[in-house]
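The values are calculated or read from the model by the stated rules, or taken from the named source; none is laboratory data. All of these numbers come straight from a predicted model, not from anything done at the bench. Cβ: placed from backbone, ideal geometry, glycine included. Neighbour counts: every protein chain shown.
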Amino acid sequence: MSAEQLVEAALERIAEAEPQVQAWTYLDRDHALEQARSRDEHRSQGNPLGPLHGVPVGVKDIIDTADMPTEDGTVLHAGRTPTHDATVVALLRAAGAVILGKTVTTECAYFAPGKTRNPHNPDHTPGGSSSGSAAAVAAGMVPLAIGTQTNGSVIRPAAFCGVYGFKPTHGLVPRGGIMRLSRTLDQVGFFARSLEDIALLAEQMTGYDERDPDTAPRARIPFRDLAAQEPPMPPHFAFVKGPAWERAEPETKEAFEELAAALGERALTVELPESAANALEWHRIIMEAEMAANLDVEWERGRDKLSPQLYGLLERGRALNALDYQKAVARIPRLNEGFKEIFDRCDAILTPAAPGPAPRGLEATGDPSFCTLWTLCGMPALSLPLMEASNGLPLGVQLVGERHADARLLRTAGWLVNYLQSKE
């Protein structure tokens, strides 16, 4: 199959599904096909091929693309066309990918919903803020898509839309050229319909970026090889209810109790450190303070055009005092130290990805609280589409790994998927 044929097939699927799903904010059919033909010409000349040669990828519309608008989901940035690619986009192109178009984001990647609908039921939210990326993959429009997470913006939409969603360790994937909301919390993530594709994409996306002070030079991680390996011993899972457990719907609680029971001695019910109970508040303080600073220009020039959700967050962030912010940031290393004992005994934390399946209605994007602690700590997290709610919508399983043990987390997830399939 040529790259042009593959991209043409993706465009045909988009033409069929987009009127209902509405996952795209920018899509230029001719430009997509031009990219594909260029990839085919490159191949016909006998040049070496990248691991993503000719593969169409959707990119969240807060990630800069030099050949397409990047409007950040806000009228304040309408018509904005960057002059340079974000680092992750440059890495995708270097791997041979075709940047098919820009996927819908919520306003400035916060809570005000975009136009996207859940592919399983258009009356339900697809989640946010990476709603378009998750929905595009779930609807079969693209095999891969890129998103970001500052609270639950990769894991939650992946769970709601029934695809795999992966948020690597903070600092592993460079953020240069991506709209900055919070240096402490912003992380890039990926969507795919298989763990193999998640590993393939993750392998291309790690690296150093001088524009991102939280990255560092490192050898490329062989995600595909490590994720495909059989664990040396069957893994153990720490079944964690976490500080948001009381928000879980009864069906979710029952489903996870059954999942833990199905794993038998491989699942250990584990209590989190006492400090984790305050994680939601510390995350809120950091996010509101840093977003208020990073969106100061938008506030000064166009606060009257902001949604009530974003306006309220920025107003609160501007009122926070420096002491509370500094104290919240200082808690993160201590929180991570508290997880060492858990990972000495277990390979991954098992917990819900969201309180339940995607809520009905399009006025909100759902509750991210089951993701907040792991985002605050910068730990790798993965949403697995392993369960289904009684209404037929996906119910995501979240696995969380130790910082910088990302490939091990994917390997553990592969074992879990195979184990549960063998029990069916």
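Take the residues in the range 13-46 that are hydroxyl-bearing (S, T, Y) and under 27 Å from the mean Cα position of the chain (by Cα), then tell me which one is surrounded by the fewest Cβ atoms within 10 Å (Cβ to Cβ).
Per the criteria, the residue is Y26.
Select from the range 261-307 the residues that are free of Cβ contacts under 8 Å to residues at least 12 places away in the same chain and surrounded by 18 or more Cβ atoms within 10 Å (Cβ to Cβ) and list them in ascending order.
The answer is R284, and nothing else.
If G207 meets every condition in (1) small (G, A, S); (2) in the same structural domain as Y419 (by TED's automatic domain parsing); (3) at pLDDT 95 or above apart from one, which number is that one?
Only one criterion is unmet by G207, namely (3).
Only one residue in T372, T351 is of a type in the set (S, T, Y), within 16 Å of L280 (Cβ to Cβ), in the same structural domain as E257 (by TED's automatic domain parsing) and in a helix (DSSP H, G or I). Which one?
Among T372, T351, only T372 is of a type in the set (S, T, Y), within 16 Å of L280 (Cβ to Cβ), in the same structural domain as E257 (by TED's automatic domain parsing) and in a helix (DSSP H, G or I).
Does A244 satisfy the criteria of being closer than 26 Å to Y325 by Cβ and among the aliphatic types (A, V, I, L, M)?
Judged against the criteria, A244 is a match.
For the range 120-143, check the following and say yes or no: at least one residue is of a type in the set (S, T, Y), touching a residue at least 12 places away in the same chain (Cβ under 8 Å) and touching a Lys or Arg at 6+ places or on another chain (Cβ under 7 Å).
Scanning the range 120-143 turns up at least one residue that is of a type in the set (S, T, Y), touching a residue at least 12 places away in the same chain (Cβ under 8 Å) and touching a Lys or Arg at 6+ places or on another chain (Cβ under 7 Å).
Do we find a residue being out of contact with any strand residue (DSSP E or B) (no Cβ under 8 Å at 6 or more places or on another chain) and without any contact (Cβ under 8 Å) to a residue 40 or more places away in the chain anywhere in the range 95-107?
Among the residues of the range 95-107, not one is out of contact with any strand residue (DSSP E or B) (no Cβ under 8 Å at 6 or more places or on another chain) and without any contact (Cβ under 8 Å) to a residue 40 or more places away in the chain, which makes the answer no.
D212 - would you say it is farther than 23 Å from W415 by Cβ and either crowded, with 22+ Cβ neighbours inside 10 Å or not assigned by TED's automatic domain parsing to the domain that holds A95 (or both)?
Answer is no for this residue.
Restricting attention to the range 239-260, which residues are in contact (Cβ under 8 Å) with a residue 60 or more places away in the chain and assigned to a helix (DSSP H, G or I)?
Of everything in the range 239-260, those that are in contact (Cβ under 8 Å) with a residue 60 or more places away in the chain and assigned to a helix (DSSP H, G or I) turn out to be R247, E251, T252, A255, F256, L259, A260.
So, in the range 80-99, exactly how many residues are surrounded by fewer than 16 Cβ atoms within 10 Å (Cβ to Cβ) and within 18 Å of the chain's Cα centre (by Cα)?
0
Answer yes if at least one residue in the range 56-79 is aliphatic (A, V, I, L, M), crowded, with 24+ Cβ neighbours inside 10 Å, in the same structural domain as T215 (by TED's automatic domain parsing) and touching a Cys at 6+ places or on another chain (Cβ under 8 Å), and no otherwise.
yes
Starting from residues that are in a loop (DSSP other than H, G, I, E, B) and hydrophobic (A, V, I, L, M, F, W, C), keep the ones in the range 384-401 and report whichever is surrounded by the fewest Cβ atoms within 10 Å (Cβ to Cβ).
Of everything passing the filter in the range 384-401, A389 is surrounded by the fewest Cβ atoms within 10 Å (Cβ to Cβ).
Kindly establish whether Q421 is among the polar types (S, T, N, Q) and modelled with pLDDT under 95.
When the stated conditions are applied, Q421 passes them.
Of the residues A322, A289, which is closer than 25 Å to V75 by Cα, not assigned by TED's automatic domain parsing to the domain that holds G242 and not aromatic (F, W, Y)?
A289
Can you name every one of the helices (runs of 4 or more DSSP H) wholly within the range 1-95 that holds 3 or more residues which are in contact with a Lys or Arg (Cβ under 7 Å, 6 or more places away or on another chain) and not β-branched (V, I, T)?
Where helices (runs of 4 or more DSSP H) fall fully within the range 1-95 and carry at least 3 residues being in contact with a Lys or Arg (Cβ under 7 Å, 6 or more places away or on another chain) and not β-branched (V, I, T), they are 3-21.
Would it be correct to say that D197 is within 27 Å of G132 (Cα to Cα), among the acidic types (D, E) and in the same structural domain as G50 (by TED's automatic domain parsing)?
Criteria met by D197.
Limited to the range 182-199, what total is found for residues that are buried (at least 24 other Cβ atoms within 10 Å of the Cβ) and in contact (Cβ under 8 Å) with a residue 60 or more places away in the chain?
Qualifying residue count for the region: 5.
Only one of these is surrounded by fewer than 24 Cβ atoms within 10 Å (Cβ to Cβ), touching a Phe, Trp or Tyr at 6+ places or on another chain (Cβ under 8 Å), under 21 Å from A248 (Cβ atoms) and not hydroxyl-bearing (S, T, Y): A353, A348, A364, A381. Name it.
That would be A364, the only listed residue that is surrounded by fewer than 24 Cβ atoms within 10 Å (Cβ to Cβ), touching a Phe, Trp or Tyr at 6+ places or on another chain (Cβ under 8 Å), under 21 Å from A248 (Cβ atoms) and not hydroxyl-bearing (S, T, Y).
Could you list, in sequence order, the residues of the range 261-280 that are in a helix (DSSP H, G or I), out of contact with any Leu (no Cβ under 7 Å at 6 or more places or on another chain) and more than 13 Å from K423 (Cβ to Cβ)?
E265, E274, A277, N278, L280
Take the residues of the range 13-39 that are acidic (D, E) and either touching a residue at least 24 places away in the same chain (Cβ under 8 Å) or touching a helix residue (DSSP H, G or I) at 6+ places or on another chain (Cβ under 6 Å) (or both): which is farthest from A135 (Cα to Cα)?
In this case the residue turns out to be D28.
Considering only residues of the range 230-245 that are within 24 Å of the chain's Cα centre (by Cα) and at negative phi, which is surrounded by the fewest Cβ atoms within 10 Å (Cβ to Cβ)?
The extreme case among them is W245.
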